[in-house]
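Okay, structure first, notes after.
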Amino acid sequence: MTPRERLLTALNLQPPDRVPIDLGGNQTGIHRVAYQRLLDHLGLKEEIVIMDLVQQLAKPSETVLQRLRVDTRYVWAKGAASFKGGVVQRVRDGKLWHDFTDEFGITWSMPDEAPLYFDISHSPLARLSLEEIKVSPFPKGDDPTRFEGLRERALTLKRETPYAVVSGISGVVYEFCWYMRGLENLFADMIERSEVFEAIIDRTLQFWLDWFRLFLAEVADVVDVIMIGDDLSGQKGPLFSPKIYRAIVKPRQKRLAQYIKSRTRARLWYHSCGAIAEYIPDLIDNGADVLNPVQISAKGMEPARLKAEFGKRVAFWGGGVDSQHVLPGGPPEQVRENVRQNLAAFKPGGGYVFNNVHNIQADVPPENILAMYDAAWEFGEY
């Protein structure tokens, strides 16, 4: 099979010739430090391109993607041309910080002494009243400059390569709310001021509905997979009450998911970290065809259980290795064996795409990265 045929067959819950392999997205990528170490190990000289500033993810080169036998290639929209953001350096409390403010007014900061990630340092809606939130400035999702050249880039991948065409992550309906409001504030809103939470999530939903209206007008007939998602759970279970999720968050997620599916035949991929077993029926009901990143070390997320309970209704994308314990700290032989075990659970009957759980982090040795991907190839044949 071609890589595109392989991936689409797997997502149709049928067995392809071998398990498809992924790397390169915002939620399935590689940290720039790990990528540089991998380049050094392979003896490659490349200029590293940062494709996700917050997570400090490198854009893998075609040489690396081919070495790892990756079946996917990614295409993204852009920020609005009118937005002129950028990283600035500031000194606070005697320490140097790298700061940038995004289109939503959220400020992200990274310490110069530990330049691994950007974290939120300012939430613009944190101190605003309900009335102020309703009229506060908000970016235009349907700014056409976001999508300039998108169709041409996607068509080039579709026509000139054999790879599956996958979108970057978008449709972040719930998480953007706490980015703008602050996590503690939003959780308090959920319980004490639900009208505030609903006002914020409605504005966020409208942004994404507007965004997808133009995105789908450009590439609905070209992309094979569209990625959306919100983190709903932690290591042991939901981050907030499932009752609140089903009353407030789920209806908005479902509206967006169904709108996307009404306009494209692309598979809808949903991302949530953590122990989300309780929410999988809800996500399937929303319209998700694929679940990612499959955090197999979280409570209730054992591969065999997930496959047995949900494998006939949804595909799994990720979960290829224990990323919390084995991938960063184990020897290559343990990585190889862990991949073999997880493939044995996930791959029967199709419905599985291989990757790490979420992004390959800075502390993962290059030997373990190669052991992971080589094992996926070795044990991935049907």
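The values are calculated or read from the model by the stated rules, or taken from the named source; none is laboratory data. What you are looking at is a predicted structure, and each value in this text was computed from that prediction instead of being measured. Here the Cβ positions follow ideal geometry from the backbone for every residue, glycine too, while neighbour counts run over all protein chains shown. We work out accessible area using only protein heavy atoms, side chains counted, and drop any ligands, DNA or RNA first. Shrake-Rupley method; radii C 1.70, N 1.55, O 1.52, S 1.80 Å.
Partners of LYS95 within straight-line reach, counting aspartates and glutamates whose Cα lies under 19 Å from its Cα and excluding those fewer than 8 residues away in the same chain: ASP112, GLU113, ASP119. As a fraction of the 1.4 Å probe accessible area of the chain, surface on carbon and sulfur atoms comes out at 52 percent.
Subtracting the Cα-Cα distance of GLU302 and VAL54 from 0.36 nm times their residue separation leaves 86.3 nm of extension gain. To the nearest Å, what is the center-to-center distance of the stretch 1-76 and the stretch 294-357, using C-alpha atoms only? Rounded to whole Å, the Cα centres lie 18 Å apart. Rank CYS177, PHE147, LEU96 by how far each Cα sits towards the positive end of the charge dipole of the chain (+1 on Lys, Arg Cβ; -1 on Asp, Glu Cβ) and give me just the farthest. Of the listed residues, the answer is PHE147. Would you please classify the overall shape of the stretch 194-254 from the alpha carbon gyration tensor, given that a ≥ b ≥ c denote the square roots of the eigenvalues, rounded means a/c under 1.5, and beyond that prolate means a/b larger than b/c while oblate covers the rest? Oblate is the answer for the stretch 194-254, as a/c is 1.5 or above yet b/c matches or exceeds a/b.
Quick one: net charge of ASP93's neighbours, Cβ under 13 Å, K/R +1, D/E -1?
Spelling it out: positives minus negatives among the neighbours equals +1.
Here the calculated FRET efficiency for ARG263 and ARG313, from their Cβ-Cβ distance with R0 = 25 Å, stands at 0.65, rounded to the nearest 0.05. Between ALA217 and ASP285, the modelled labels are 3.4 nm apart [label points 7 Å from Cα along Cα→Cβ]. For the residue pairs LYS134/LYS250; LYS45/LYS158; LYS312/LYS347; LYS261/LYS347, the C-alpha atoms sit more than 23 angstrom apart in LYS45/LYS158; LYS261/LYS347. Ranked by solvent-accessible area (1.4 Å probe, protein heavy atoms only, all chains present), the residues GLU333, GLU378 order from largest to smallest as GLU333, GLU378. In the stretch 260-289, whose amide N lies under 16 Å from the spot 7 Å out along Cα-to-Cβ of LEU13? List them in ranges. Output list for this probe position: 267-270, 280-289. Between ARG255 and ARG127, the simple spin-label model (points 7 angstrom out along Cα→Cβ) gives 3.1 nm. Can you tell me how the chain classifies by the Cα gyration tensor, rounded, prolate or oblate, using a/c under 1.5 as the rounded cut? Here the chain falls in the rounded category.
Taking all protein chains into account, the per residue accessible area for the chain stands at 42 Å² (1.4 Å probe).
Within straight-line reach of LYS254, meaning a Cα separation under 20 Å, sit the following lysines at least 8 residues removed in sequence or on another chain: LYS243.
Dipole magnitude for the chain: computed about the Cα centre from +1 point charges on Lys and Arg Cβ and -1 point charges on Asp and Glu Cβ, it is near 860 debye.
Peptides 200-211, 86-97 ordered by packing proxy, namely the average of other Cβ atoms within 10 Å per residue, highest first: 200-211, 86-97.
State, as an integer percentage, the relative contact order of the chain based on alpha-carbon contacts under 8 Å between residues 6 or more apart. Answer for the chain is 22 percent. Between TRP377 and ARG193, the C-beta separation translates, for a Förster distance of 45 Å, into a calculated FRET efficiency of about 0.30. Note: relative contact order over the stretch 1-153, using C-alpha pairs below 8 Å and six or more positions apart, is 18 percent.
A 1.4 Å probe, protein heavy atoms only, puts the accessible area of HIS325 near 120 Å². At an R0 of 30 angstrom, the distance between the Cβ atoms of LYS84 and GLU333 translates into a FRET efficiency of 0.05. Distance between the pseudo-spin-label points of HIS41 and PHE138 (7 Å out from Cα toward the beta carbon): 4.5 nm.
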